[in-house]
Each structure stands twice: as C-alpha cells, then as structure tokens.
1. Evaluate E = 1/(1 + (r/R0)^6) for Ala170 and Asn205, where r is the Cβ-Cβ distance and R0 equals 45 Å; express this FRET efficiency to the nearest 0.05.
2. On average, how much area does the Cα convex hull of segment 169-288 cover when viewed from any direction, in nm²?
3. What range in the chain is the longest one free of chymotrypsin sites (Phe, Trp or Tyr not before Pro) that are in a loop by DSSP and have at most 16 other Cβ atoms within 10 angstrom?
4. Anything over 22 Å Cα to Cα? Flag those among Lys84/Lys202; Lys84/Lys131; Lys172/Lys247; Lys102/Lys131, in the order listed.
5. Rounded to the nearest 0.05, what FRET efficiency do Lys274 and Ser51 give with R0 = 35 Å and r taken as the Cβ-Cβ distance? Could you check?
6. Could you give me the ³J(HN,Hα) list for segment 127-136, computed from phi with Karplus coefficients 6.51, -1.76, 1.60 and θ = phi - 60°, whole Hz, x at Gly and Pro?
7. Could you tell me the accessible area of Met113 in Å² (1.4 Å probe, neighbours in place), rounded to the nearest ten?
8. Can you pull the percent of Cα pairs in the chain with separation above 28 Å?
Amino acid sequence: MLINSCVSLYADDTAIYYQANDPVEIGVMLQEDLELIHNWMKVNKLSLNVSKTKSMLFDYSRGASSVLSLSLDGNDIEHVSTYKYLGLLLDDKLSMELHISKLCSKTKMKLGMLGRIRTFISKSTAITLYKSLLLPVIEYGDLIYGIANATNLERLQKLQNSAMRIILLAPKTTHINAMLTELNFLNLSERRMFHLATLLFKCVNNMAPSYLCNLLEKVDDIHGRDTRASTRNDLVVQRSRIAVGDKAFQHRGPLCWNSIPSDIRISSTIVAFKNAYIDWFMSELDRI
C-alpha cells in the first residue's frame, strides 16, 4: 500500500519511516504515504486517532533537529523530540540518555528493596531476586540502548556493582572483578555482547525476522572463490565514513560474529550455541 516508506507493525503499534539526508525529502515522502493511508482507511470505513499519532526526525548532527510538518485529513501531526516506543524512550539524536536515566531510576527503586531485605534472606535467594526482578529491567532493549556513549552505560554498570555488593554483603572497597568471579556473573557490557551473539546466531540460521537477517551478508555470498573468511562462515563487516556508523548492527554485528570460534558458530541449536559461547567467553576472561 505504501510507495515510499517502510512499515513496522507490532500488535496495535504501527510505525512508518523513510531515510534520506534531506529533511524536506523525508517530509514529502512521508506525507504522500500518509495520504495513501488516509484514503485506504476511508474506503474501509476506519479512522485513525491523530492525537495519538506523532512524528519524529532522527538526526545525528549536533545542531537542532528539523521539524517535520505532516498532516492527516487536515489535522496536523504533532512533532516530538522524544517518544516512548515499545518500552524504549527514544530521542531524536538517538543518544538514549533519557531512556537510561529512566532505567536507572526504576532500577534504583528495586535495588533499594533488595538492600532492605538482604539481611533477612540467603545469598542464593538474593541472587534469584536479582536475576528475576532487576536484571530483566536492565536488559530489556539493551542491544538498542547499547549504542549510548560509555558515560551513560557506566551509570547502569554502577547499579550492577551495587547489586553485587548487596548480594555478597561486601564493603565498597571490594574489587568489581572479585565480585564478578565469586558470583560467576558477566558484567553488563559482556552480557550485551552475549545477547548480540545470540541474535546473530538466529539471523545466520534464519530464526530471526527477515528485516534483521537481510541486513547481514555472508562472505561466501559475495566471493566466488573459497577464502579463509568464507570457509569460516564469516559475515561482511560494513564500513562507515562516520563514527556513528560503527554503532550500526551491520557493523558491530559481523565484528562480534567473526570473533566467535567456528566450532561454536556451527552449533546445531540455539541452546547449544548459548552454552558453548558462555563456556568459551568465560574461559577468555582475565579478571585478575
């Protein structure tokens, strides 16, 4: 139905998007597709709640972002600089700073609850509460907000550090690596890498949505002859001329996948891959 834009559907949330360097072009293309949507809904006797429809322009430049002037059936669509979409608070610079701030506030509340009851429960119970109440909150969407700068990500890491001290009843002087080793935990950065590796396994084996699988290319698909990279089932690392491009899935994903030993990549099941990856990754860690 749409001519210019791509569309993402999830339950009752629908997003249409268009990519270009020129904000004017983006506005024109989106407006054309909005007209098509309006006409289709009119024919099918449906209506769209314009008050709940928002527009946002993602722009990595340091200056103020442009404003999209879009309308639907004569009603202006509100342009916003932040929007909560599927549980993630997105800003127009994709800094993820606001999302991480909200995440820190929510996590601190749960961390306070754990701290208040820690002396009344066992260590194993404290670990269970951490894994069931805190970790899922921190890790939701971590592959997306993981593009944030190191300063913002460190704010979350400090919360995990505090959680480990509460679990172990350890003083503030206890080294982080010592606590990670005792609890057999991965830090948050390492867990994000594990989640990325798991997603890549699904993509390579066509177990993930097609829009993700299509972002990746195998080396042997573009080379006619056998090379070391093709026989290892490597992925093509897509390069970018700007630093922000290095955060893209097409760049960091293949880098992660190509670093994993071949015998782990050819695991027969996702469970086997996860177990083999964790065993390999833990053996590679040096936390002395």
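The values are calculated or read from the model by the stated rules, or taken from the named source; none is laboratory data. These numbers come from a predicted model, not from an experiment. All Cβ positions, glycine included, derive from the backbone under ideal geometry; neighbour counts span all protein chains shown. For accessibility, only protein heavy atoms count, side chains too; no ligands or nucleic acids. Shrake-Rupley method; radii C 1.70, N 1.55, O 1.52, S 1.80 Å.
1. On the way: r = 41 Å, r/R0 = 0.91.
For Ala170 and Asn205, the calculated efficiency is 0.65.
2. Values: hull surface 40.2 nm².
For segment 169-288, averaging the hull's shadow over all directions gives 10.0 nm².
3. Details: sites that count: Tyr18, Phe58, Tyr60, Tyr140.
Counting only loop sites that pass the neighbour cut-off, the longest clear stretch is 141-288.
4. Values: Lys84/Lys202 27 Å; Lys84/Lys131 25 Å; Lys172/Lys247 33 Å; Lys102/Lys131 20 Å.
Too far apart for the 22 Å limit: Lys84/Lys202; Lys84/Lys131; Lys172/Lys247.
5. Values: r = 44 Å, r/R0 = 1.25.
The calculated FRET efficiency here is 0.20.
6. After applying 6.51 cos²θ - 1.76 cosθ + 1.60, I find 5, 4, 5, 4, 6, 9, 10, 9, 4, x Hz.
7. Surface accessible to solvent at Met113 totals approximately 110 Å².
8. Values: 21446 of 41328 pairs.
So the portion of pairs separated by more than 28 Å is 52 percent.
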